[in-house]
Amino acid sequence: MTFKLLIVDDESTMRKGIAEFMNWNAIDCEVAGTACDGLEAMEFLKKQEADIIITDIRMPEADGLALARYVYENCPEKKVILLTGYADFEYAKTAIQYNVSAFILKPTNKKELFEAVQAAQNKLATSKRRSKIAKEEDAFLKEQFLQVLTDHPYRPQFDEKCEKYRLCLNCYYIAAFRLIPYHDDISFLKKIIIDEKENAYCYRYNNLIITVYFHSDFEKIRANCSEIETIMRTLDSRKISVGISRFHNMPSTFRQAVSEAIQALTFNFYAENNVSVFSAEKMENCDLTAENSLDLFQFENLLLDWQFQDAEILLRNIFAKFKRNFVNAGEAKTICSQIYYICSRITIKKELSPLSSDHLTAIRDASDIFALEQAVTELFAAIRDCLSDTSTTQSQLAEKAMQYIEENLSADLSLEQIADHLHISASHLSRTFKKTASISLTDHINQVRINRAKELLRGTDIYIYAISEMVGYHDATYFSSIFKKLAGVSPSEYRNLTVPLHCPEPAYNSEPVDDSASVNSSGIKNNTSTAGKA
């Protein structure tokens, strides 16, 4: 790093000599400014940055001692080097109480001054490292405390820690942010929230980012959340959803507020802008902790992702917690009822046959924890069978993906974008599509685009670069590369070799994909050619 110097001396010759005739670049320094006395130096420091101040001791208005005291009281992170004559040396040493970095006798020796500045640099670097470590430790401990507040009821002894970590929980909202599709790499999302949030603090809670807004201006909070959503979508091509709690005005409801924010995420299915707000009416007869809400949230995402084994393990863990903590019957049944509603919501999303209401009746009528567990086990088996109907669901999924590709051929299609449109994970879409269509999604997109490009080359006089844009390739060179790989010739060669549409198409001597191969109703060729990756 480069350190900035402020040179202070009432003698213009000395000031100019130190500022202009010493090779400060050699020791990673630059002169940020000069001043003729202590008062001018103080004004400079109020407006501009300087890391090290080199100052004479004897000056009019305010001397070097007064300047050293000002730095000590107002910006103690900066270092001061005092230049003093022999007669003033003992007087200058009284400035040691102001943490002066070095005292140098005049006439100033260049080597000695460089060494003093380098010593100050080392002190500054060490101080910054310690400050950074202390800041990181403080942030870690603060985040650990917020995790405790999220998972445990509030206790009086928490008041002291709230004060220590500057958490004023007398006026706040909670917002929960999650990635769409669900993903565990949320570091970039956290960075955007940290950069864009106002009067707030955020921390990670499993695969969510929980943000505490320390004010009561709801519209400002909603606008900030919408802005973060827009930035994330623009910079990372991924969407997020946001759930916002009700207003809270006491530390003891922090856990409830986080739970409300997580529950509000489930309302995003009906929200137009991916920002939804908790409503007590929507969650009637439902009193969940943040941990409960997170379990249900994860369960829904696992089902949407066809990860049945993990979803089953999560259900077993939920019941293990019921038994371990002797959760009362009403609360356990409330949570299990929410599991039923999650399953029903998924069938609606995926346009499947609705689940029988007998499952909900069995949950409500369960006489003990074992009967309740059996009812939920049967419910899970029903939703798993419903989602696992490969003869219909997976083929429908592939067909919907193909239809979306056909309708958006000129757009920047990606696996993640199509998966998001279909409300599933990218990995599941990739596996299901290849299993159903016997071709990767990327290869299918390339085939459909090149087939459409061939039609345009044969039947129109549109420029090749324009055709490239029309079929979704925004780089004409890349389009030509993919085209040649699939067709065996370049686009211009293909256009020159083809004859009008009413005439037979000539054969090629290269090794092209057979353009005359039949294409099924979904746009997939019946041959088994190898396609290049987009």
**Item:** Filtered residues of the range 37-59 (kept if open to solvent by 30 Å² or more (accessible area, probe 1.4 Å) and over 21 Å from F103 (Cβ atoms))
**Value:** L39, E40, E43, K46, K47, Q48, E49
**Request:** Select from the range 162-183 the residues that are within 16 Å of R255 (Cα to Cα) and either touching a Lys or Arg at 6+ places or on another chain (Cβ under 7 Å) or open to solvent by 30 Å² or more (accessible area, probe 1.4 Å) (or both) and list them in ascending order.
**Result:** C168, N170, C171
**Message:** Whether any residue in the range 220-235 is outside any helix (DSSP H, G or I) and surrounded by 15 or more Cβ atoms within 10 Å (Cβ to Cβ) is what I want to check.
**Reply:** no
**Message:** Looking at the range 14-31 only, could you name the residues that are under 20 Å from D63 (Cα atoms), crowded, with 16+ Cβ neighbours inside 10 Å and out of contact with any Asp or Glu (no Cβ under 6 Å at 6 or more places or on another chain)?
**Reply:** M14, I18, A19
**Contacts under 8 angstrom Cβ, first residue in the range 152-180 being free of Cβ contacts under 8 Å to residues at least 24 places away in the same chain, partner outside any loop (DSSP other than H, G, I, E, B) and not β-branched (V, I, T), 6 or more apart** = K161/F145
**the range 1-55, residues that are closer than 19 Å to N109 by Cβ, assigned to a loop (DSSP other than H, G, I, E, B) and in contact with a strand residue (DSSP E or B) (Cβ under 6 Å, 6 or more places away or on another chain)** = D9
**Message:** Restricting to the range 319-368, give me the number of residues that are farther than 29 Å from L397 by Cβ and among the β-branched types (V, I, T).
**Reply:** 5
**Asked** Which number in (1) part of a helix (DSSP H, G or I); (2) closer than 26 Å to C162 by Cα; (3) of a type in the set (D, E) marks the one condition that E198 misses?
**Response** (1)
**Item:** Enumerated helices (runs of 4 or more DSSP H) restricted to the range 278-367, each holding at least 1 residues that are in contact with a Pro (Cβ under 9 Å, 6 or more places away or on another chain)
**Value:** 290-304, 329-349
**Asked** Has the range 84-91 got any residue that is modelled with pLDDT under 90, of a type in the set (D, E) and part of a loop (DSSP other than H, G, I, E, B)?
**Response** no
**Request:** Collect the residues in the range 184-197 that are open to solvent by 80 Å² or more (accessible area, probe 1.4 Å) and charged (D, E, K, R), keeping them in residue-number order.
**Result:** D184, K191, D195
**Y72 being open to solvent by 90 Å² or more (accessible area, probe 1.4 Å), at pLDDT 90 or above and either of a type outside the set (V, I, T) or closer than 23 Å to G38 by Cα (or both)** = yes
**Message:** Among the residues in the range 94-113, are any open to solvent by less than 50 Å² (accessible area, probe 1.4 Å), without any contact (Cβ under 8 Å) to a residue 12 or more places away in the chain, part of a helix (DSSP H, G or I) and of a type outside the set (K, R)?
**Reply:** no
**Request:** Output the residues belonging to the range 60-90 that are out of contact with any Gly (no Cβ under 6 Å at 6 or more places or on another chain), closer than 22 Å to N109 by Cα and of a type in the set (A, V, I, L, M).
**Result:** L65, A68, V80, I81, L83, A87
**Message:** Quick check on the range 391-425: of everything there that is open to solvent by less than 20 Å² (accessible area, probe 1.4 Å), within 28 Å of the chain's Cα centre (by Cα) and modelled with pLDDT of 75 or more, which residue is nearest to I450 (Cα to Cα)?
**Reply:** I405
**Any chance D63 is open to solvent by 20 Å² or more (accessible area, probe 1.4 Å), touching a helix residue (DSSP H, G or I) at 6+ places or on another chain (Cβ under 7 Å) and in contact (Cβ under 8 Å) with a residue 12 or more places away in the chain** = yes
**Fill in**
The residue that is farthest from T230 (Cα to Cα), considering only those in the range 157-207 that are aliphatic (A, V, I, L, M), within 20 Å of the chain's Cα centre (by Cα) and modelled with pLDDT under 90, is A200
**Request:** Those residues that are among the small types (G, A, S) and within 22 Å of I405 (Cα to Cα), I need them from the range 468-497; list them, please.
**Result:** S468, G472, A476, S480, S481, A487
**Request:** Mind listing whichever residues of the range 322-353 are under 30 Å from H421 (Cα atoms), at pLDDT below 85 and open to solvent by 70 Å² or more (accessible area, probe 1.4 Å)?
**Result:** I348, E351, S353
**Asked** So E136 clears everything in (1) among the acidic types (D, E); (2) open to solvent by less than 50 Å² (accessible area, probe 1.4 Å); (3) free of Cβ contacts under 8 Å to residues at least 12 places away in the same chain except one condition, right? Which one?
**Response** (2)
**One residue from T377, T334 being under 27 Å from P153 (Cα atoms), hydroxyl-bearing (S, T, Y) and within 36 Å of the chain's Cα centre (by Cα)** = T334
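The values are calculated or read from the model by the stated rules, or taken from the named source; none is laboratory data. All figures in this text were calculated on a predicted structure; none of them were measured in a lab. Methodologically, a virtual Cβ is constructed for each residue, glycine included, from the backbone with ideal geometry; neighbour enumeration extends over all protein chains shown. For accessibility, only protein heavy atoms count, side chains too; no ligands or nucleic acids. Shrake-Rupley method; radii C 1.70, N 1.55, O 1.52, S 1.80 Å.
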